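Student: First the structure, then my questions, so here it is.
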Amino acid sequence: YKKIFTPSPSFPIENLLGLSSNFSRGDIDFEKQYKKVTKLLKKISGQPNMVSIQGPASLAIEIGLLNFVRGNVLVINTGYYSKRWFDYLKKTKISKRTDYLSYNDFLKKKINIKNNYRWIIFVYVETASCKKFDIKSVKKICIDIKAKLIVDATASIGLENNHELADVVFFSSCKGLFGPTGLGFICYKKKLKPKSSTDFLLDYKTHKDSKYTLGYNCMAALYSISK
């Protein structure tokens, strides 16, 4: 067996025991599974709204950033994944302005307030370096500068607390949730309203309204694990 010291995709036997033939529209079994898993994930994430997306957490994050982000953005440099989201925002030009600031400098409040950041992007746990950062301190500064907080919770969901401090949270069905790979999730506060994309697969509503074949077996596996 491999000794793993950082959150990683796992495959407990419940994933196999939960497999079933499902389809979303008009399938009573799936509706039961979806409602229970959704209720559980909302509770774990501390967010009232959730949408599931077939694919990895990275896709959920791209869709979330595209559909939620407006104005100026500051990405906190915590390592590999924070750099990925900084590069993505710079490349796609979703935000009006995108800046990058080290975690330590952020905590020291070395922030140019004149830039009027609307969003702060923060990776709670960096799997590449196996480091956890202080979400409470980050949230306090977000409140001080009147910015909303987006959290990449891929490696922290199900393992760490305080995800309710975020305004938007992204994570995957695997790692700390112990489900199979294949589903990404976007959870967010009620007051937030995502904007639409002209791209079918990148449009938040496409996933919210289940306009394509979802990862039903992944949902069934999560339902089995949740029991």
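The values are calculated or read from the model by the stated rules, or taken from the named source; none is laboratory data. Please read these numbers as outputs of a predicted model, since none were measured by experiment. Note that we place each Cβ from the backbone using ideal geometry, even for glycine, and neighbour counts take in every protein chain shown. The protein model used for the area step is the full one, side chains on, heavy atoms only, and it has no ligands, DNA or RNA in it. Shrake-Rupley method; radii C 1.70, N 1.55, O 1.52, S 1.80 Å.
Student: If Asp203 meets every condition in (1) within 23 Å of Leu74 (Cβ to Cβ); (2) touching a Ser or Thr at 6+ places or on another chain (Cβ under 9 Å) apart from one, which number is that one?
Tutor: Evaluating Asp203 over (1) within 23 Å of Leu74 (Cβ to Cβ); (2) touching a Ser or Thr at 6+ places or on another chain (Cβ under 9 Å) leaves (1) as the failure.
Student: Please pick out the residue among Lys109, Lys42 that is of a type in the set (D, E, K, R), closer than 25 Å to Glu164 by Cβ and over 15 Å from the mean Cα position of the chain (by Cα).
Tutor: Only one candidate qualifies: Lys109.
Student: Among the strands (runs of 3 or more DSSP E) contained in region 143-198, which hold 2 or more residues that are over 29 Å from Asn112 (Cα atoms)?
Tutor: Correct list: 168-172, 183-188.
Student: Being over 26 Å from Cys174 (Cβ atoms) and either open to solvent by less than 70 Å² (accessible area, probe 1.4 Å) or in contact with a Gly (Cβ under 6 Å, 6 or more places away or on another chain) (or both) is the requirement here; does Gly71 meet it?
Tutor: Here the answer is yes, as Gly71 does meet what is asked.
Student: In this structure, is Thr78 in contact (Cβ under 8 Å) with a residue 60 or more places away in the chain and under 16 Å from Phe170 (Cβ atoms)?
Tutor: Judged against the criteria, Thr78 is not a match.
Student: Also: Give me the residue from region 27-66 that is open to solvent by less than 70 Å² (accessible area, probe 1.4 Å) and assigned to a loop (DSSP other than H, G, I, E, B) and, out of that set, farthest from Leu149 (Cα to Cα).
Tutor: Among those that are open to solvent by less than 70 Å² (accessible area, probe 1.4 Å) and assigned to a loop (DSSP other than H, G, I, E, B), it is Asp27.
Each row is one residue, and each column tells you yes or no for (1) within 25 Å of Ile94 (Cα to Cα); (2) open to solvent by 20 Å² or more (accessible area, probe 1.4 Å); (3) over 17 Å from the mean Cα position of the chain (by Cα).
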site	(1), (2), (3)
Asn162	no, yes, no
Asp167	yes, no, no
Cys174	no, no, no
Pro194	yes, yes, no
Phe200	yes, yes, yes
Asp203	yes, yes, no
Ser210	yes, yes, yes
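Student: Would a scan of region 88-102 turn up a residue that is touching a helix residue (DSSP H, G or I) at 6+ places or on another chain (Cβ under 9 Å), at pLDDT below 95, farther than 19 Å from Val168 by Cα and not in a strand (DSSP E or B)?
Tutor: Yes - at least one qualifying residue is present in region 88-102.
Student: Might you check whether a residue that is of a type outside the set (Lys, Arg), touching a residue at least 12 places away in the same chain (Cβ under 8 Å) and part of a helix (DSSP H, G or I) occurs anywhere in region 207-214?
Tutor: Checked region 207-214: at least one residue is of a type outside the set (Lys, Arg), touching a residue at least 12 places away in the same chain (Cβ under 8 Å) and part of a helix (DSSP H, G or I).
Student: Which condition number does Arg70 fail, the rest of (1) in contact (Cβ under 8 Å) with a residue 60 or more places away in the chain; (2) in a helix (DSSP H, G or I); (3) of a type in the set (Lys, Arg) being met?
Tutor: For Arg70, the exception is condition (2).
Student: Where residues in region 137-160 are in contact with a Gly (Cβ under 6 Å, 6 or more places away or on another chain) and either open to solvent by 10 Å² or more (accessible area, probe 1.4 Å) or without any contact (Cβ under 8 Å) to a residue 24 or more places away in the chain (or both), which of them is nearest to Lys42 (Cα to Cα)?
Tutor: The residue in question is Gly158.
Student: List pairs: first residue in region 111-136 and over 21 Å from Ala57 (Cβ atoms) and part of a helix (DSSP H, G or I), second residue open to solvent by 70 Å² or more (accessible area, probe 1.4 Å) and not hydroxyl-bearing (Ser, Thr, Tyr) anywhere in the structure, Cβ distance under 7 angstrom, at least six positions apart or on different chains.
Tutor: Asn115/Arg97
Student: Okay, moving on. Being buried (at least 17 other Cβ atoms within 10 Å of the Cβ) and in a helix (DSSP H, G or I) is the filter here, so list the residues in region 15-26 that pass it.
Tutor: Asn15
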